[in-house]
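Student: Questions regarding the structure given below will be posed in turn.
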Amino acid sequence: MKIFSTDHKVIGKQYLTLAFFSVALGIVLSLIMRFHLIRPDAKISWFATLWPVGATGGIMTPELYLSLMSIHGTLMVFFVLSTAPQGGFGNYFLPLQIGAPKMAFPVLSMLSFWTTFLALMALLASFAVEGGAPLSGWTAYPPLSALGQVAGPGQGLGMDCWIVSIALFSIASLMGAINFITTILDMRTEGMNLMRMPLTCWGWFVTAIISLLAFGVLLAAGILLFMDRNLGTSFFIPAGLVVSDQLQNHSGGSPILWQHLFWFFGHPEVYIAILPGMGIVSTVLSVFARKPVFGYRAMVYAMFSIAILGFFVWGHHMFISGMSPYSSIAFSLITLAVGVPSAIKTFNWLGTIWGGKIRFTTSMLFALGFVSVFVSGGLTGLFLGQPAIDLYFHDTYFVVGHFHMIMGVAAIFAIFSAMYFWFPKMYGRMMNDNLGQVHFYLTFIGVYAIFIPMHFLGILGAPRRYADFKELEFLAKSGILQRITTYSAYCTAAAQLLFFGSYFYAKWRGPLATINPWDATTLEWTEPSESNVVNHAPDVYSLPGEEKDFVMQSDQ
Amino acid sequence: MQKSKTAVALLLIAIGMVFASLTSAMVVRRGLGGDWRALPFTALSLGNLLILMASSVALEFARRQKSSGLWWLSCCLGALFLMMQLLVWRDLMSAGFNVATNPSSSFFYLISGLHGTLVLGGLAALATTRAMVATWYWHGMSILWMYLMLLFQWMQ
Amino acid sequence: MGLAILVWILTVGVISLCVGGVWWFPAPISQHAFNFDTHFSRMLWVAGAIFLLAQGLLGYAILRFRDQGHPATHNEGNARLEVVWTMVTAVVFIGFALIGNKIWASVHMDKSGDATIKIEVLAKQFSWNFRYPGPDGKLGRTDVKFIRDSAGNPFGIDAQDPAGRDDVISSAIRVPRGILVELTLRSRDVIHNFFVRELRLKQDIVPGMAIPLRFRADKEGTYEVPCSELCGLGHHQMRTTLIVMSAEDFQIWLKDEDRKPR
Ligand code: HEM
Ligand SMILES: [Cu+2]
Ligand SMILES: [Cu+2]
């Protein structure tokens, strides 16, 4: 396999590998965070080995906690949820599903992957530079993110690494978006008109449109932030700041300007994470319920309305930010309006399985699980979309619970569903269904056990991004919630080993797959599966005991 | 080829979004308070806009008449534009406006720098291909600069 | 099959955690907080019903339509049904937003009533300072160049300005019960956030801005104020308390503080 390949299947797998690496690292970081939250004073010798400065003597400092949190969030949002469903499965299956021989611009696909790879390296480099990784979260609000090292250890070089990483990622995503849209518009095979495309393709299409419009804004914002930090400009930094007793030499900028730019990108970003998943789930539900998708057209329109409305709701992240209270009202109305197409999709998913003949493959289980967590996470969004309720919940663990459910877990479930579904096509072998079932059940129970308690911490008022809660008296009785969350996280993470084990076993040793193991109808299943394995001599005809008078080289 | 047309149209949209967000940032930043200072634009920058537009016109004729000479003329005008932009920068600096002097100059250096980089990319494209879409991109950059000059005038 | 039951168990579990109320809001101490709670429980009922319905149906469909050898129905959708549920959700969701906005408006747009007590809040990495005008009712002029934490002047009060000499500075915020208070929130470095759970109020404090926030607390007591916007490595330690006292005690405190030499 060539490393700098222009083959869309190879690139798809490269994206998936990058995403799997990132998700594994992201989970490890989250486990360390969760450990710290229940045992903030623990002395762990290997912490000191890994982070001699951040954890001198093995006791984690608050700045290290915040760095882990920032990198965890950035990895998960960008390098997992914005790569696996789109760059990974999209590159691999879009051409197959619309009957195109390849992506419109294979070299561009390759460049976009390798730029993403560089972006990941830049992000990880932040751990190695002086001061360590940035601590201002995945949202990087200035002035905290703009002032440099005076604002915290990771805010020096580490923060610059973060900006470079995000800028590279934006450029890579723009390349990907152009490639995807062009492929869908110009490369469909005969008879594949738009309204005959599988919903997966619609998911990739709409996501690519959103990326095209959103990532440029993030790129621009990143450049402005970089200039504030390194060239002495004052876009986001107001005058007269005194940080650590030093008067800062800036004038007249606005921290809220960053928030507007960031969330103008950031809200559409959550749809970038979830729309391909919605497409995948629609497809999988229909395949395994043996029924057409309920309301295909409504599903397509819903995706488009989500995409369009999604560009006008960014202010719901800023109700409490000091922006005009009048604009909050407008933003909240549009926010609840964007809930409507999301609800429609849920109804249509139920409609799809209603009256069906459901086969509970692992892929189907994850799709059904997706619907469940999507409902659970979506309903809390109804609360957070109202400025009145956000007066209490903004930046509490309620928000952390909400977005993990609807964005994190839902999208991860869609990725798993897709992985179990397409594995036979990608590797020509079957994953073990029993292991898959166990993996699903452990994960499904696990995510509820991790993230539901977080909602209750939020109801108690626990602020997010706290390195520990020792000092808050009102949380004295909530230790049990923290412990449930942490132990559930350990178990759920351990259950993922099952997936990785099963994945690698199946890749090399799994039983061979037939061309269309799920009796599905889309074009990718008309092609021979990846990696045809040759099992015997080329000329096996009229073998006694065989039904047919020929046995293909790939048959067993 | 249809797909390269689609791709260049999309590329222009993506570039448009970058400048649209910089525009909105600029409007907001200027509205924040009294520290915004007008930039001393000279005839040079206006003349330079004309050069870029002339380059676009030449390119359009080159495409229609399949004239290699005009094509190269357009490229030369484009290169001239870039050099003149550097002169505009030098003038601004000698007038005391550096990158961090004032938000107006910060935005100007950033925006003209970004645009210049994109024009440089366009020049590379024009030098290597005669494809119709290269002319689209080039016209896109001319129109973008016309818009940006209007914006800077309006932001004075 | 198992999945259906599991979905139901989780649904019932989540609902009973809400009903159980072991981990719940603290008691409200203002009219606004009370209104908030009313609106919240109204929302919770509706959202809870939708939750029960959706998860219930999901479980039911999983159970009822599992492969038992029966043929699946062929059904590509139902336009009328589609329109109906679109309309219904739209009305419910937008209705929520409209009702909730009244509460929002009462916090941020209602300018009726004079706040007799005005307090300036200054947040900085990682501590709080509150400033009250002394007997003259006026806050003194400030300038960043006078800021000297070590000299007890975090605000940078200009010593030349007579109005500033009697200003009272405190690291916890004290307010009289039953009286409308207006805070002016300012930050010296990065974004912080002022949050009092019992008041159901939260507001970012943005450097370069002076953001007003008004409330009337009706119950005496001491309430924690945790900083609720990431402000750096000491974020989790940036806490203070809101002390609601009787009006008399408040005046006594203010006078005593004023007499202390600064
Ligand atoms: C084992 C699973 C996971 C666990 C235990 C976990 C845990 C956590 C914890 C403890 C925090 C920090 C909360 C705080 O201190 O405020 C956090 C933040 C975050 N997580 Fe996760 N997480 C998991 C998976 C995910 C996934 C799949 C995503 C994908 C979207 C994700 C996205 C985020 C984001 C965006 C943040 C916010 C970072 C910030 O505040 O800037 N997490 N997570
Ligand atoms: Cu949003
Ligand atoms: Cu803080």
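The values are calculated or read from the model by the stated rules, or taken from the named source; none is laboratory data. Keep in mind that what you see is a predicted model, and the values were worked out from it rather than measured. Cβ placement follows ideal geometry from the backbone for every residue including glycine, while neighbour counts extend to all protein chains displayed.
Student: Could you please let me know if residue A:329 is farther than 28 Å from residue A:295 by Cβ, at the interface with chain C (Cβ under 8 Å from one of its Cβ atoms), more than 16 Å from ligand 1 (Cβ to nearest atom) and assigned to a helix (DSSP H, G or I)?
Tutor: It is true that residue A:329 is farther than 28 Å from residue A:295 by Cβ, at the interface with chain C (Cβ under 8 Å from one of its Cβ atoms), more than 16 Å from ligand 1 (Cβ to nearest atom) and assigned to a helix (DSSP H, G or I).
Student: Then there is this: Can you name the residue in segment C:99-154 that is charged (D, E, K, R) and part of a helix (DSSP H, G or I) and is also nearest to ligand 2 (Cβ to nearest atom) among such residues?
Tutor: This residue is C:102.
Student: State which residue pairs qualify: first residue within 17 Å of residue A:55 (Cβ to Cβ) and near ligand 1 (Cβ under 10 Å from one of its atoms) and inside segment A:124-149, second residue assigned to a loop (DSSP other than H, G, I, E, B) and hydrophobic (A, V, I, L, M, F, W, C) in any location, beta carbons under 7 Å apart, and separation of 6 or more residues or different chains.
Tutor: A:135/C:233
Student: Here's something else I'd like to know. When you scan segment C:77-97, do you find a residue that is within 14 Å of chain A (Cβ to nearest Cβ), touching a Phe, Trp or Tyr at 6+ places or on another chain (Cβ under 6 Å), over 30 Å from residue C:251 (Cβ atoms) and at pLDDT 85 or above, even just one? It would help to see each step written out before you state the result.
Tutor: First, pick out the residues of segment C:77-97 that are within 14 Å of chain A (Cβ to nearest Cβ): C:77-97.
So of that shortlist, the ones also touching a Phe, Trp or Tyr at 6+ places or on another chain (Cβ under 6 Å) come out as C:77, C:85.
Remaining after also requiring over 30 Å from residue C:251 (Cβ atoms): C:77, C:85.
Among the residues that remain, those that are also at pLDDT 85 or above are: C:85.
The answer is yes, given that some residue of segment C:77-97 is within 14 Å of chain A (Cβ to nearest Cβ), touching a Phe, Trp or Tyr at 6+ places or on another chain (Cβ under 6 Å), over 30 Å from residue C:251 (Cβ atoms) and at pLDDT 85 or above.
Student: So, one more: Take residue C:58 and decide whether it is more than 10 Å from chain A (Cβ to nearest Cβ) and either surrounded by 13 or more Cβ atoms within 10 Å (Cβ to Cβ) or aromatic (Phe, Trp, Tyr) (or both). Walk me through it before giving the result.
Tutor: Numbers: more than 10 Å from chain A (Cβ to nearest Cβ): no; either surrounded by 13 or more Cβ atoms within 10 Å (Cβ to Cβ) or aromatic (Phe, Trp, Tyr) (or both): yes.
For residue C:58, the condition - more than 10 Å from chain A (Cβ to nearest Cβ) and either surrounded by 13 or more Cβ atoms within 10 Å (Cβ to Cβ) or aromatic (Phe, Trp, Tyr) (or both) - is not met.
Student: Would you mind telling me which numbered condition in (1) buried (at least 17 other Cβ atoms within 10 Å of the Cβ); (2) in a helix (DSSP H, G or I); (3) hydrophobic (A, V, I, L, M, F, W, C); (4) touching a residue at least 12 places away in the same chain (Cβ under 8 Å) residue C:5 fails?
Tutor: Result: residue C:5 passes all but (1).
Student: What are the residues in segment A:381-431 that are of a type in the set (A, V, I, L, M) and outside any helix (DSSP H, G or I), if any? Show your work before the answer.
Tutor: First, pick out the residues of segment A:381-431 that are of a type in the set (A, V, I, L, M): A:382, A:384, A:388-389, A:391, A:399-400, A:405-407, A:409-412, A:414-415, A:418-419, A:426, A:430-431.
Scanning segment A:381-431 gives A:430, A:431.
Student: Follow-up. For segment B:16-39, how many residues are among the β-branched types (Val, Ile, Thr), more than 7 Å from chain A (Cβ to nearest Cβ) and either in contact with a helix residue (DSSP H, G or I) (Cβ under 7 Å, 6 or more places away or on another chain) or over 16 Å from residue B:149 (Cα atoms) (or both)?
Tutor: Looking only at that region, the number is 1.
Student: Would you pick out the residues in segment A:295-326 that are away from ligand 1 (no atom under 16 Å from the Cβ), among the β-branched types (Val, Ile, Thr) and either part of a helix (DSSP H, G or I) or at the interface with another protein chain (Cβ under 8 Å from one of its Cβ atoms) (or both)?
Tutor: A:300, A:306, A:308
Student: Within segment B:32-54, identify whether any single residue is more than 21 Å from the chain's Cα centre (by Cα) and of a type in the set (S, T, N, Q), and answer yes or no.
Tutor: no
Student: Say we look at segment A:332-360 and pick out the residues that are over 19 Å from residue C:87 (Cβ atoms) and surrounded by fewer than 22 Cβ atoms within 10 Å (Cβ to Cβ); which of these is nearest to the chain's Cα centre (by Cα)?
Tutor: Among those that are over 19 Å from residue C:87 (Cβ atoms) and surrounded by fewer than 22 Cβ atoms within 10 Å (Cβ to Cβ), it is A:360.
Student: Keeping to segment C:199-245, report how many residues are more than 14 Å from residue C:121 (Cα to Cα), surrounded by fewer than 23 Cβ atoms within 10 Å (Cβ to Cβ) and of a type in the set (D, E, K, R).
Tutor: So the count comes out to 5.
Student: A follow-up question, please. In segment A:192-228, which residues are more than 12 Å from every other protein chain (Cβ to nearest Cβ) and in a helix (DSSP H, G or I)?
Tutor: Taking segment A:192-228 and keeping what is more than 12 Å from every other protein chain (Cβ to nearest Cβ), we get A:192-207.
Answer for segment A:192-228, where residues must be more than 12 Å from every other protein chain (Cβ to nearest Cβ) and in a helix (DSSP H, G or I): A:194, A:195, A:196, A:199, A:200, A:201, A:202, A:203, A:204, A:205, A:206, A:207.
Student: Please specify each residue of segment C:63-103 satisfying the condition of being aliphatic (A, V, I, L, M) and more than 23 Å from residue A:380 (Cβ to Cβ).
Tutor: Hits for segment C:63-103 are C:63, C:72, C:79, C:81, C:83, C:84, C:87.
Student: Which residues, taken from segment C:8-24, are surrounded by 18 or more Cβ atoms within 10 Å (Cβ to Cβ) and outside any helix (DSSP H, G or I)?
Tutor: Residue satisfying the conditions is C:23 alone.
Student: Please go through segment A:475-492 and pick out each residue that is more than 16 Å from residue A:33 (Cα to Cα) and either more than 7 Å from chain C (Cβ to nearest Cβ) or modelled with pLDDT of 95 or more (or both).
Tutor: A:475, A:476, A:477, A:480
Student: Assess whether residue A:274 counts as being within 16 Å of ligand 2 (Cβ to nearest atom) and surrounded by fewer than 22 Cβ atoms within 10 Å (Cβ to Cβ).
Tutor: On the way: within 16 Å of ligand 2 (Cβ to nearest atom): yes; surrounded by fewer than 22 Cβ atoms within 10 Å (Cβ to Cβ): no.
So residue A:274 does not fit the description; no.
Student: Here is a follow-up. Which of the following residues is within 14 Å of chain C (Cβ to nearest Cβ), crowded, with 20+ Cβ neighbours inside 10 Å and within 12 Å of ligand 1 (Cβ to nearest atom): A:67, A:82, A:30, A:22?
Tutor: Within the list A:67, A:82, A:30, A:22, the selection yields A:67.
Student: Here's a follow-up. Conditions: (1) more than 19 Å from residue A:467 (Cα to Cα); (2) within 16 Å of ligand 3 (Cβ to nearest atom); (3) not small (Gly, Ala, Ser). Residue A:69 meets all but one. Number of the miss?
Tutor: Answer for residue A:69: the failing condition is (1).
Student: Do we have any residue at all in segment A:44-57 that's under 19 Å from residue A:467 (Cα atoms), within 16 Å of ligand 1 (Cβ to nearest atom) and surrounded by fewer than 22 Cβ atoms within 10 Å (Cβ to Cβ)?
Tutor: No: zero hits.
Student: To continue, here is another question. Return the residues of segment C:155-213 that are assigned to a loop (DSSP other than H, G, I, E, B) and within 16 Å of ligand 1 (Cβ to nearest atom); say none if nothing qualifies.
Tutor: Once the filter is applied, which keeps residues that are assigned to a loop (DSSP other than H, G, I, E, B) and within 16 Å of ligand 1 (Cβ to nearest atom), segment C:155-213 yields C:190, C:191.
Student: Can you run down the residue pairs with Cβ atoms below 8 Å, 6 or more apart or on separate chains, where the first is in segment C:123-141 and more than 15 Å from residue C:153 (Cβ to Cβ) and the partner is of a type in the set (Val, Ile, Thr) and outside any strand (DSSP E or B)?
Tutor: C:125/C:190
Matching residues to (1) touching a helix residue (DSSP H, G or I) at 6+ places or on another chain (Cβ under 6 Å); (2) surrounded by 15 or more Cβ atoms within 10 Å (Cβ to Cβ); (3) of a type in the set (Val, Ile, Thr); (4) without any contact (Cβ under 8 Å) to a residue 40 or more places away in the chain:
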| site | (1), (2), (3), (4) |
| --- | --- |
| A:449 | yes, yes, no, no |
| A:459 | no, yes, yes, no |
| A:470 | no, no, no, no |
| A:492 | yes, yes, yes, no |
| A:499 | yes, yes, no, no |
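Student: Let me ask something else. If a residue has to be aliphatic (A, V, I, L, M) and within 23 Å of residue C:193 (Cβ to Cβ) to count, how many in segment A:457-507 make the cut?
Tutor: Total satisfying the criteria: 9.
Student: Tell me, please, whether a residue that is at pLDDT 95 or above, under 18 Å from the mean Cα position of the chain (by Cα), part of a helix (DSSP H, G or I) and under 26 Å from residue A:268 (Cβ atoms) can be found in segment A:98-114.
Tutor: Scanning segment A:98-114, I find at least one residue that is at pLDDT 95 or above, under 18 Å from the mean Cα position of the chain (by Cα), part of a helix (DSSP H, G or I) and under 26 Å from residue A:268 (Cβ atoms), so the answer is yes.
Student: Hey, does segment C:109-118 have a residue that's facing chain A (nearest Cβ under 7 Å) and at pLDDT below 90?
Tutor: Yes, the conditions are met somewhere in segment C:109-118.
Student: So which pairs qualify, if the first residue must be in segment C:168-187 and at positive phi, the second must be among the basic types (Lys, Arg), the Cβ gap must be under 8 Å, and the two must be at least 6 apart or on different chains?
Tutor: Close Cβ pairs (under 8 Å, with a partner that is among the basic types (Lys, Arg)) amount to C:178/C:216.
Student: Looking only at segment A:182-191, decide whether some residue is within 9 Å of another protein chain (Cβ to nearest Cβ), more than 16 Å from ligand 2 (Cβ to nearest atom), under 28 Å from residue A:80 (Cα atoms) and of a type in the set (Val, Ile, Thr).
Tutor: yes
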